[in-house]
Structures are given as structure tokens and as C-alpha cells.
Amino acid sequence: MCPHFLLILIVAKSGKLPALLRTHWLPASLNLQGTHGVCTLILFSEPNCKTQDYANLERRHSPRQQWQYAPERRVVKSDAEWKAQLTPEQYHVTREHGTERAFSGEYCEAHEAGLYACVCCGTPLYDSRTKFESGTGWPSFTQPVQENAIKYKKDTSYGMTRVEVLCNVCDAHQGHVFPDGPPPSGLRLCINSASVQLVQEPQKA
């Protein structure tokens, strides 16, 4: 869930990374020389993190540390129950770890004030005040409403190494986190609109 697929095509054709893309989506220190092995460099190398916390996000939910970020409750339902509750797209994104098309989501360019809650269990996950325009085509936030609202998991799908974002209450797939966000966190929580709903008050399942 990141524009790196597009970046690969641009770099492979020109051999150079445009300055706009370098400063907007990738770490400024990333050095690309020539076209050979560009895909391997982008997809498999670990990002040059702006914050030390980024490198530790997935580790913090190891058996040794996850107790520190345990949620206040857990919501567990069968696949049949989730299918009955969610739309086909919501189910695909949240329960099958899918991704909506860029710029197609309901909240991609939303500016209304409120909390963004998990579409599955109603747990508040993000605050509209931390939402920013990333230009990536997906709603982007700098941080969750609280540390134990979401959890992180190493994702090696599609030949890439990324950090997946999930609801810590019901394990709904939210998106991925990248180290190219604005201060103070330096993080970009790249979230699917299909995974959340904008609410004024917490809506719990």
C-alpha cells in the first residue's frame, strides 16, 4: 500500500529518482546509482528510518513486549459473522489484508473533524487532527489516538518487507506504516478508507 510500485517503473526507465519523489516518499539519503538492481534495492532493503521508533514498531508486539500494549478489550468473530457485518470491500480489506485502489477511498481527501474508528469493532484508532495530505492516494496519519489502539506486524508479502498496521482489538488490517511522515513522529500511517469510519463518539461493536 505504497507508491513504491510506481517509483520502481520511473527509476528503472530513467536511472534517476526525481527530486520530488525523493523528498516526498523516500528518505533523502537513499542513493540510487544506475538501473541495475533498482527493484531489489527499493523492495527488499530496510528503509532509512527517520525515527528509532519505526524500527522497533513490529518488535514491540513480540511475546516479550506485547503485554505493554495490550488492548482494553478484544473482539473475536467468525468469518461468517464478519461477512454478514461488512461490505464485500470492507471484508476484503480488513479480514483478507486487501488494499483499495489509490485515490478511490471515501476518506482520502476528507477534512471533517472527528475520530476514525475501526470499521469492524468501532474502536477509535486515529484523530482527524493527525491526518495530513501525503499525496499517496490513501488517508495518512502521523500517529494513533493511543499507543495500544493499533499493533504492528512484519509483512513480507509481494516480495517486500513492510510494517503492517492492524486494529489491536479485532486484528482488522488497516494498512502500513512508513518512516516518511511529518514531525513530530516522522511516521506515515497509510490507511485504507474501507478499514475505518469517521465518528464523533466511540462506536463499539
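The values are calculated or read from the model by the stated rules, or taken from the named source; none is laboratory data. Please read all numbers here as calculations on a predicted model, not as lab measurements. Cβ coordinates were reconstructed from backbone atoms using ideal geometry, including for glycine residues, and neighbour counts include every protein chain displayed.
What the table below lists for this structure:
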quantity	calculated
Residue within segment 143-155 that is of a type in the set (Ser, Thr, Tyr) and either at positive phi or out of contact with any Asp or Glu (no Cβ under 7 Å at 6 or more places or on another chain) (or both) present	no
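Residue-by-condition table, conditions (1) in contact with a helix residue (DSSP H, G or I) (Cβ under 6 Å, 6 or more places away or on another chain); (2) modelled with pLDDT under 95; (3) in the same structural domain as Lys77 (by TED's automatic domain parsing):
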{"site": "Glu106", "(1), (2), (3)": "yes, no, yes"}
{"site": "Leu115", "(1), (2), (3)": "no, no, yes"}
{"site": "Cys118", "(1), (2), (3)": "no, no, yes"}
{"site": "Thr123", "(1), (2), (3)": "no, no, yes"}
{"site": "Ser128", "(1), (2), (3)": "no, no, yes"}
{"site": "Asn148", "(1), (2), (3)": "yes, yes, yes"}
{"site": "Thr161", "(1), (2), (3)": "no, yes, yes"}
{"site": "Val165", "(1), (2), (3)": "no, no, yes"}
{"site": "Asp180", "(1), (2), (3)": "no, yes, yes"}
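Every residue, every condition in (1) exposed (fewer than 15 other Cβ atoms within 10 Å of the Cβ); (2) over 13 Å from the mean Cα position of the chain (by Cα); (3) touching a residue at least 60 places away in the same chain (Cβ under 8 Å), yes or no:
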position: Glu147; (1), (2), (3): yes, yes, yes
position: Tyr152; (1), (2), (3): no, no, yes
position: Cys170; (1), (2), (3): no, yes, yes
position: Phe178; (1), (2), (3): no, no, yes
position: Gly186; (1), (2), (3): no, yes, yes
position: Ile191; (1), (2), (3): no, no, yes
position: Ser195; (1), (2), (3): no, no, yes
